[in-house]
1. In deg cm²/dmol, rounded to 500, what helix-only [θ] at 222 nm does the chain give when every DSSP H run of at least 4 residues adds -39500 (n - 2.57) and the total is split over its residues?
2. Do any of LYS16/LYS145; LYS71/LYS173; LYS71/LYS145; LYS71/LYS156 go past 26 Å between their Cα atoms, and which?
3. With every protein chain kept in place and ligands, DNA and RNA left out, what is the accessible area per residue of the chain? Probe 1.4 Å, answer in Å².
4. Across the Cα atoms of region 4-72, what radius of gyration and what greatest pairwise Cα-Cα distance (Dmax) are found, in Å?
5. Using only C-alpha positions, report the orientation-averaged shadow area of the convex hull of the chain, nm², one decimal.
6. Only Lys, Arg, Asp and Glu count, each charged at its Cβ (+1, +1, -1, -1), so figure out the dipole size of the chain about its Cα centre, rounded to 20 debye.
7. How far is helix 151-160 tilted, in degrees, relative to the longest principal axis of the Cα atoms in the chain, given as a value from 0 to 90 rounded to the nearest 10?
8. Over the Cα atoms, compute the radius of gyration (one decimal) and Dmax (the largest Cα-Cα distance, rounded to a whole number) for region 48-146, in Å.
Amino acid sequence: MKLMGLMAKALQTEAKKVEEMMDDGMQSVRITYYPPCPRPELVVGITPHSDASGITILNQVNGVDGLKIVKDGAWLPLTFLPHALVVNVGDILEVLSNGLYKSVEHSVAVNSEKERIAVGFFFNPRFDAEVGPATDIVGPENPPKFKRKGMEQYVKDYFAMKMEGRSNLEHMKIDNDGCRQ
């Protein structure tokens, strides 16, 4: 909640609104085990995607590299930093910020010699919250880039889609005339 409050402050939006949306929100944990593979080029650890969450906090438990992100259209491997957590901006935070924060498209590759263990903590709004751009960010000079929908519907739509790239986020986009792209 502290991290979400600081991100809201950086956006110059009311931290209280963000905290109300996220307080007592849906949280989940995913523990992922990637066994070593002698031919890692033949295996996909996790397909490229962005997280549907507000934020994701990742603990790379045993320090084995494998996480890759897209930056400026190119895949970059992340190097493990001991005693550090990885914080990913998720699709909900990109929507809330009206695109000022960008959700991180990422994937995971397996290691040829070592197992990789990661624990992801996903933080989301309350199930009764509405997901959409913060009302004090949008206006005539900055029209909404994403449609609004209830969190319950957002989750249903997410699980109805294939986890591929930023597909869920793309589904939320609108054009400047207010029509879905």
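1. Details: 5 runs with 40 residues, N = 181.
Here the helix-only value at 222 nm equals -6000 deg cm²/dmol.
2. Working: LYS16/LYS145 23 Å; LYS71/LYS173 20 Å; LYS71/LYS145 21 Å; LYS71/LYS156 29 Å.
Those over the limit are LYS71/LYS156.
3. Working: 10280 Å² over 181 residues.
Solvent-accessible surface per residue comes out at 57 Å².
4. 16.7, 50
5. Its Cα hull, projected and averaged over all orientations, spans 11.0 nm².
6. Values: 21 positive and 24 negative charges, 49 e Å.
The dipole of the chain has a size of about 240 debye.
7. The answer is roughly 40 degrees.
8. Here Rg and the maximum Cα pair distance are 15.8, 55 Å.
The values are calculated or read from the model by the stated rules, or taken from the named source; none is laboratory data. Model, not experiment: these values are computed from the prediction. Counting neighbours? That spans all protein chains shown, and the Cβs are built from the backbone with ideal geometry, glycine included. In case anyone asks, the SASA skips ligands and DNA or RNA and just uses the protein heavy atoms, side chains included. Shrake-Rupley method; radii C 1.70, N 1.55, O 1.52, S 1.80 Å.
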